[in-house]
Amino acid sequence: MGLAEKAFLWAFSWLDTRFRIQDYWGMSKDSYHSMHRQMPLTHAEKYKLRIIWYWYPLYCLGGISFLAFIILVITGTILGFYYVPGGDLESDPTPAYASMEFIMLELPFGYIIRSIHHWTTHFMVAAVFLHMCRVYFTGAYRNPRELNWLIGVALMFFTIFFGYSGYLLPWDSLAFGAATIGINMAMATPLIGEWVANAMFGGTTLTGQTVVRMYFLHVFVLPVIVTALILAHLFIVWVQGIAEPH
């Protein structure tokens, strides 16, 4: 036995003594097999079919959406090092717009990184939408997958809001127009319109605080929510398996 193997076994033994890794791993395996015994047989298992359908392109849309999310996290983190969330309307240009100009014109490879982030956003929204269509038209939202369908609907909503909040961050004329439409829609919400506008836009009118609020939602709040929902979504898929076409 080599030195590396001995070091690994020693480290594993040290951790197992303190955290009972093998016991919990055995419990997890037992729980996994128990859950699978309780699940109904899949279409392929019931009729002993060859599972060629795994190669259908439409059944890759969930994985493609997840890959797009990973790319967005990486490129967004890089952009976050140089972006300044300032939307002071008295400044010309605003700090947010000036930082975007720096990224696009002066930062090495900044134009490429922002373009990847921009187009991957569109790609992810399209992939999530098509994934939802595939799930709906193949009936994969039915028993026992209702909860995962609801999580998917929530992910679709947060994906769109992710794109909207990022669309406002450059704080150019397009972003200002989109923010105007958004705050008017928020204010039109019955009973809670003013509260929604304050929570999302930092006030009932567009100010420099609007960009800061969208930046906070885009960088800190939405990633945590979406990551948690994706993990829950993937865990349920792992437990239940992928719904097959009938």
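FYI, it's all coordinate maths here, none of it is from the lab. Quick caveat: nothing in here was measured; it's all calculated off a predicted structure. With ideal geometry, Cβ positions are generated from the backbone for all residues, glycine too; neighbour counts draw on all protein chains shown.
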### Task
Evaluate E = 1/(1 + (r/R0)^6) for residue 216 and residue 185, where r is the Cβ-Cβ distance and R0 equals 25 Å; express this FRET efficiency to the nearest 0.05.
0.80
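Using the beta-carbon distance between residue 77 and residue 157 and R0 = 22 Å, what value does 1/(1 + (r/R0)^6) give for FRET efficiency, to the nearest 0.05? Walk me through the numbers before you get to the answer.
Working: r = 23 Å, r/R0 = 1.06.
Efficiency computed from Cβ-Cβ geometry: 0.40.
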### Query
Angle, helix 146-168 long axis vs. longest principal axis of the chain, Cα atoms, 0 to 90°, nearest 10?
30 degrees
### Query
Which option, (i) -0.59; (ii) -0.47; (iii) -0.42, is the value of log10 I(q)/I(0) by the Debye sum over Cα atoms at q = 0.09 Å⁻¹ that was calculated from these coordinates?
(i)
### Task
Take the alpha carbon atoms of segment 205-225, find their center, do the same for segment 118-174, and report the distance between the two centers in whole angstrom.
19 Å
### Query
Label-point separation (nm) for residue 19 and residue 194, each offset 7 Å from Cα along Cα-to-Cβ?
5.1 nm
### Task
Take the chain, connect every pair of alpha-carbon atoms lying under 10 Å apart with a spring to form a Gaussian network, then pick out the residue of 26, 63, 166 with the largest mean-square fluctuation.
26
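Would you calculate, for the chain, the mean residue ellipticity at 222 nm contributed by helices, counting each DSSP H stretch of 4 or more residues as -39,500 (n - 2.57) and dividing by all residues, to the nearest 500?
Working: 11 runs with 174 residues, N = 246.
Calculated mean residue ellipticity at 222 nm is -23500 deg cm²/dmol.
Say a site is exposed when it is one of the chymotrypsin sites (Phe, Trp or Tyr not before Pro), sits in a DSSP loop, and has at most 12 other Cβ atoms within 10 Å; what is then the longest site-free stretch of the chain?
Values: sites that count: 81, 109.
The segment 110-246 is the longest one with no such site.
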### Message
Just to confirm the number: angle between the C-alpha axis of helix 173-187 and the first principal axis of the chain, 0 to 90 degrees, nearest 10?
### Response
80 degrees
### Task
Just grab the label-to-label distance for residue 173 and residue 5, each label 7 Å out from Cα along the Cβ direction, in nm (one decimal).
7.0 nm
### Task
First measure r as the distance between the Cβ atoms of residue 88 and residue 31, then evaluate 1/(1 + (r/R0)^6) with R0 = 45 Å and state the FRET efficiency to the nearest 0.05.
0.25
### Task
Give the angle, between 0 and 90 degrees and rounded to the nearest 10, that separates the Cα long axis of helix 95-105 from the longest principal axis of the Cα atoms of the chain.
70 degrees
